[in-house]
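A.B. asks: Below is one structure. I have some questions about it.
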Number of protein chains: 2
Amino acid sequence: MIQMIKNLSKEALKEYYQELKSKYEEYKAMGLNLDMSRGKPCQEQLDLSAKILTVLNDSEDCISKDGTDCRNYGVLAGIVEAREMFAELFDVEVDETIVGGNSSLNMIYDTICRAMLFGVYGGEKPWGQQGEIKFLCPVPGYDRHFAICEAFGIKMINVPMTPTGPDMKIVKEYVESDPQIKGIWCVPKYSNPDGITYSADTVMALVDLEPAAPDFRIFWDNAYAVHYFADEDDKLVEIMAELKKRGKEDMLFMYTSTSKVSYPGAGVGAMAASKNNVQLILKQMMPQCIGPDKLNQLRHVRYFKDATGYKQYMKKHAAILRPRFETVLETLKRELGGEDIAHWIEPNGGYFVSLYVMEGCAKRVVSLLAEAGVKMTSAGATYPYGKDPSDSNIRIAPTYPTTDELHTAMDMLCLCVKMAAAEKLLEK
Amino acid sequence: MIQMIKNLSKEALKEYYQELKSKYEEYKAMGLNLDMSRGKPCQEQLDLSAKILTVLNDSEDCISKDGTDCRNYGVLAGIVEAREMFAELFDVEVDETIVGGNSSLNMIYDTICRAMLFGVYGGEKPWGQQGEIKFLCPVPGYDRHFAICEAFGIKMINVPMTPTGPDMKIVKEYVESDPQIKGIWCVPKYSNPDGITYSADTVMALVDLEPAAPDFRIFWDNAYAVHYFADEDDKLVEIMAELKKRGKEDMLFMYTSTSKVSYPGAGVGAMAASKNNVQLILKQMMPQCIGPDKLNQLRHVRYFKDATGYKQYMKKHAAILRPRFETVLETLKRELGGEDIAHWIEPNGGYFVSLYVMEGCAKRVVSLLAEAGVKMTSAGATYPYGKDPSDSNIRIAPTYPTTDELHTAMDMLCLCVKMAAAEKLLEK
């Protein structure tokens, strides 16, 4: 396309649409079965961690450095060497961490569940006994965060993302005026799906919040903390240190996991929070759990050694992911660049490329793709209640397919973006 | 002792008490540090499972029999071969199982949490929206069950255990008249702490219950399903099959784990329930979890092969545990047999011996032991709210100490039982 679609005459547009459509039918006839729907590591990435399987070889290997037999019961907060590694990654103290099972999502859900039923440190009542409570949801965002709110009947309020993080003017207005606002979802680094890292100003505005609710919490889901594939890693201000300077460290819950470092199905999740928060949470966890899988924690720490080893290891992932993201970005540029029917953000890390198609076209694009055997995340999934008010955002997850599959899927995606735009323009 | 303590004159009793006391002081001077407090496997038992660590050696080993890559995300209900093995153990169908992380306690807690917040299948409202709800607690029982009720504010009602299980006349009266009764705790085989296996009549009385509450559930915590150490295994009627005959299978939640088969800290927990229950639970779990640790499930199934291999394997545990239980029972018989200041049950399996000392003496016995360096489960812990109305039950957990330690600890225990009895009799 030399000429922009939007500038075509109706006749030319019709003709152009027919061209697109016949290409689409050709693809469709190929009976494709491609999946760009979830942020799943590909097999090549999983193979990187094969040696983690054989770190523990016999009974003597199972003793932690403080003498704990990791095969037996106990140690609710996680083994000491795992807490140390995550403390370094979170930039907090060891007793400000809890290392858990294979899923940080589970730890997030359980945190909210406890807050609903029993309350958080410093709260007068459980969240669940305070009428309708609300969470701020920077959008687009992570569908599973929104699903948790929906499960607990927590009202979600959209806050637009900007290139530097959530619109902090709006966040401040809400948080400081409404005591029913109990939380804000943050994926502060290489955000899902936009790939945006919060700027220093954004983090400072967050720590300077004076919430109307004494039991307000920032949910800092640092899922992509070490997941850059560009030449340089984005810099994220250490939020806990800034909160501590202000004596406001109880306002924060942080999470991360090794899901996209070692294995999504058999990694280690961890959280960090102030000592007050951690002590209360451990007390609340007592009836639920005797201890996490300590052998898997031990496997991970012995394998990665420490936070430095852990970060270093991610270069291997970057080498696998970089060409995949390049394919996505090059195809978008080649096929949709110059057109004003789509725009996107080039991320330096994370797991997604966030594509914005012409308003009212996202659902149509995803459904055209599905019909032709290319599975995408549902349009709208990146918004609370699955409702993208502009029906514009599409999350591209380029990690799982092979590079060949990705080329085909991206060509298809761009074709469908043009088709949907043409259809929309022809309606007028 | 030839003469029974209770028949001694006051003078003779005083003299006898002084003898006991000086023996006690000798023990105390030894500075012991023994632990008979928790049902923890000993190192010898843990060493049995060393080969489970090396079942999965490289990436190719990580594929489940239906082709699932167990390293990656997904499979909320557990991998198919793990579900098959547990289905056989539970005597249910595969789609009536959920295989989880390393803890069945966690699955029990989460079941109750979901019931409180969202309700169970067939319930009109969540349990948490029905005013004060209640659970029947056969006593003595498992302290961590009671802790869950306490955490959720569920009122606990004591039901006496008989040699054949809970007193079913009382259970029936409560369950059939009071819709606020939502559950009953059952450890149906080698019960914690009494080591009692429910008789066929007891199971039949349970399945014949016509609960006043449509959302009543039997919590069938079959923690010691395969844990016999006597020559013959106790027989337990398969409750699910009986419920199905009556079309009442929604009334049951079953749990078990490999905690005391492979590793307490790194085993696999599982639950079973009707299809209706399982489908609702999986739906409710969606926002909490993407999937359990599938690699650890795979390790376990590849290691044990199937339910038969699993049961066969327990003979190795039995060989380690039998002498320990013999030590406990022989010491009790030798030191307290013939006295009517204590009685106990001889179990064929499980993890405990339940000792009943003279009324009003259990706390004193445990505190005398603690003072001399022998840690026991708190007196009262086997009752709701930690309150043993008779202050009589003491749970002995003989698995963790070495046999030598056990000899000393048991001698000490019997000594303290006599001391406390003598003190009590001298008060009169």
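A.B. asks: If I fit a long axis through the Cα atoms of helix A:168-177 and take the longest principal axis of the Cα atoms of chain A, what angle between them do I get, 0 to 90°, rounded to 10?
C.D. replies: 50 degrees
A.B. asks: Consider all pairwise Cα distances in segment A:1-146 and report the whole-number % of them above 21 Å.
C.D. replies: Working: 7723 of 10585 pairs.
Value for segment A:1-146: 73 percent of Cα pairs lie more than 21 Å apart.
A.B. asks: Another question about this same structure. Report the accessible surface area buried between chains B and A, summing both sides, using a 1.4 Å probe on protein heavy atoms only, in Å² rounded to the nearest 100.
C.D. replies: Numbers: alone 18380 and 18350 Å², together 32370 Å².
Roughly 4400 Å² of accessible surface disappears when B and A pair.
A.B. asks: A drop of at least 20 square angstrom in accessible area, chain alone versus all protein chains together, probe 1.4 Å. Which residues of segment A:68-91 meet that?
C.D. replies: Buried by 20 Å² or more upon assembly, which counts only protein chains, are A:ARG71, A:ASN72, A:TYR73.
A.B. asks: Return the Rg/Rh value of segment A:141-202, two decimal places, where both radii are evaluated on C-alpha atoms and Rh is the Kirkwood radius. Intermediate results must be reported in sequence, preceding the final value.
C.D. replies: Numbers: Rg = 12.0 Å, Rh = 12.4 Å.
That ratio is 0.96, to two decimals.
A.B. asks: Based on the Cα atoms of chain A, what semi-axes does the equivalent ellipsoid have, where each is the square root of 5 times one gyration tensor eigenvalue, given in whole Å with the largest first? Mind showing how you got there, number by number?
C.D. replies: Working: eigenvalues 322, 145, 61 Å².
Listed largest to smallest, the semi-axes of chain A are 40, 27, 17 Å.
A.B. asks: Something else about it: Of the options B:ILE218, B:ALA200, B:TYR190, report the single residue whose Cα projects farthest towards the positive end of the charge dipole of segment B:150-227 (beta-carbon charges: Lys, Arg +1; Asp, Glu -1).
C.D. replies: The one lying farthest along the dipole's positive direction is B:TYR190.
A.B. asks: In vacuo Debye scattering of segment B:197-333, one point per C-alpha: log10 I(q)/I(0) at q = 0.10 Å⁻¹?
C.D. replies: Calculated log10 I(q)/I(0) at the listed q: -0.46.
A.B. asks: Hey, can you find the accessible area per residue of segment A:37-190 for me, probe 1.4 Å, expressed in square angstrom? Walk me through the numbers on the way to the answer.
C.D. replies: Values: 5430 Å² over 154 residues.
Roughly 35 Å² per residue, with all protein chains present.
A.B. asks: Which of A:SER104, A:SER49, A:SER199 moves most in a GNM of chain A, Cα contacts under 10 Å?
C.D. replies: Of A:SER104, A:SER49, A:SER199, the Gaussian network model singles out A:SER49 as fluctuating most.
A.B. asks: Assign unit charges at the C-beta atoms only (+1 for Lys and Arg, -1 for Asp and Glu), then state the dipole size of segment A:298-428 relative to its Cα centre in Debye, rounded to the nearest 20. Each step should come with its number before you reach the end.
C.D. replies: Details: 18 positive and 16 negative charges, 171 e Å.
Result for segment A:298-428 is approximately 820 debye, rounded to the nearest 20.
A.B. asks: Over chain B, with every protein chain in place, what whole percent of the accessible area is carbon and sulfur at 1.4 Å, could you tell me? Before the final figure, lay out the partial values.
C.D. replies: Numbers: 7970 of 16200 Å².
Taking all protein chains in place, chain B shows 49 percent carbon and sulfur surface.
A.B. asks: So, one more: Please name the residues of segment A:285-308 whose accessible area, counted over protein heavy atoms with a 1.4 angstrom probe, falls by no less than 50 Å² between the chain alone and the full protein assembly.
C.D. replies: Listed by number, the residues meeting the 50 Å² cut-off are A:PRO287, A:GLN288, A:ILE290, A:ASP293, A:ARG299.
A.B. asks: Name the residue from A:GLN18, B:TYR142, B:SER177 whose Cα lies farthest towards the positive end of the charge dipole of the protein assembly as shown, charges +1 on Cβ of Lys and Arg and -1 on Cβ of Asp and Glu.
C.D. replies: The residue sitting most towards the positive pole is B:SER177.
A.B. asks: Can you list the copy-to-copy distances for A:LEU282, using a point 7 angstrom from Cα toward Cβ, in nanometres, shortest first?
C.D. replies: Output for A:LEU282: 3.7 nm, nearest copy listed first.
A.B. asks: Then there is this: Could you give the spread of the C-alpha atoms of segment B:265-390 along their three principal axes, from largest to smallest, in whole angstroms?
C.D. replies: 55, 36, 30
A.B. asks: What is the log10 of I(q)/I(0) for segment B:345-428, computed with the Debye formula using one identical point scatterer on each Cα and no solvent, at q = 0.13, 0.22 Å⁻¹?
C.D. replies: -0.40, -1.10
A.B. asks: By its C-alpha gyration tensor, with a ≥ b ≥ c as the square roots of the eigenvalues, how is segment B:1-40 shaped: rounded for a/c under 1.5, else prolate for a/b larger than b/c, else oblate?
C.D. replies: Working: a/c = 4.29, a/b = 1.87, b/c = 2.29.
It is oblate, given that a/c is not under 1.5 and a/b is not larger than b/c.
A.B. asks: For helix A:80-90, report the angle its Cα long axis makes with the longest principal axis of the Cα atoms of chain A; keep it between 0 and 90° and round to the nearest 10°.
C.D. replies: Tilt of helix A:80-90: around 50 degrees.
A.B. asks: If you rotate chain B onto chain A, whose Cβ in B ends up lying nearest the axis, and how many Å away is it?
C.D. replies: It is B:GLY101, 3, counting Cβ atoms only.
A.B. asks: Inter-copy label distances at A:ASP340, 7 Å along the Cα→beta-carbon direction, one decimal in nm, shortest first?
C.D. replies: 10.0
A.B. asks: Which Rg and Dmax, in Å, describe the Cα atoms of segment A:98-215?
C.D. replies: Cα radius of gyration and Dmax of segment A:98-215 are 14.1, 37 Å respectively.
A.B. asks: Pull up the DSSP beta bridges for the protein assembly as shown and report the antiparallel fraction as a percent, rounded to 5.
C.D. replies: Details: 38 of 78 bridges.
Given both bridge residues lie in the protein assembly as shown, the antiparallel proportion sits at roughly 50 percent.
A.B. asks: Within segment B:42-124, which trypsin sites (Lys or Arg not before Pro) sit in a loop by DSSP and count at most 15 neighbouring Cβ atoms inside 10 Å? Kindly include the intermediate steps, with their values, before the conclusion.
C.D. replies: Details: sites: B:LYS51, B:LYS65, B:ARG71, B:ARG83, B:ARG114; in loops: B:LYS65, B:ARG71.
Taking segment B:42-124 and a limit of 15 other Cβ atoms within 10 Å, the loop trypsin sites (Lys or Arg not before Pro) found are B:LYS65.
A.B. asks: Among A:ALA372, A:MET412, A:TYR351, whose Cα lies farthest out toward the positive end of the dipole of segment A:347-428, if unit charges sit on the beta carbon of Lys, Arg (+1) and Asp, Glu (-1)?
C.D. replies: A:TYR351
A.B. asks: A further question on this structure: What area, in nm² and to one decimal, does the C-alpha convex hull of segment A:163-277 cast on average over all directions? Don't skip to the end; give the middle numbers.
C.D. replies: Working: hull surface 31.4 nm².
Quarter of the Cα hull surface area: 7.9 nm².
A.B. asks: Could you count how many Lys pairs in segment B:274-420 have their Cα atoms under 23 Å apart, skipping same-chain pairs fewer than 8 positions apart?
C.D. replies: 16
A.B. asks: What does the copy distance list look like for B:ALA200, label position 7 Å along Cα→Cβ, in nm and ordered from shortest?
C.D. replies: Distances between equivalent label points, in nm: 7.9.
A.B. asks: What does the protein assembly as shown give for Rg and for Dmax, in Å, if only its C-alpha atoms count?
C.D. replies: According to the Cα coordinates of the protein assembly as shown, Rg and Dmax are 30.3, 118 Å.
The values are calculated or read from the model by the stated rules, or taken from the named source; none is laboratory data. Not measured: the values here are computed from a predicted model. Note that each Cβ is placed from the backbone with ideal geometry, even for glycine, and that neighbours are counted across all protein chains shown. When the accessible area is computed, the model is the full protein with side chains, heavy atoms only, and any ligands, DNA or RNA have been set aside. Shrake-Rupley method; radii C 1.70, N 1.55, O 1.52, S 1.80 Å.
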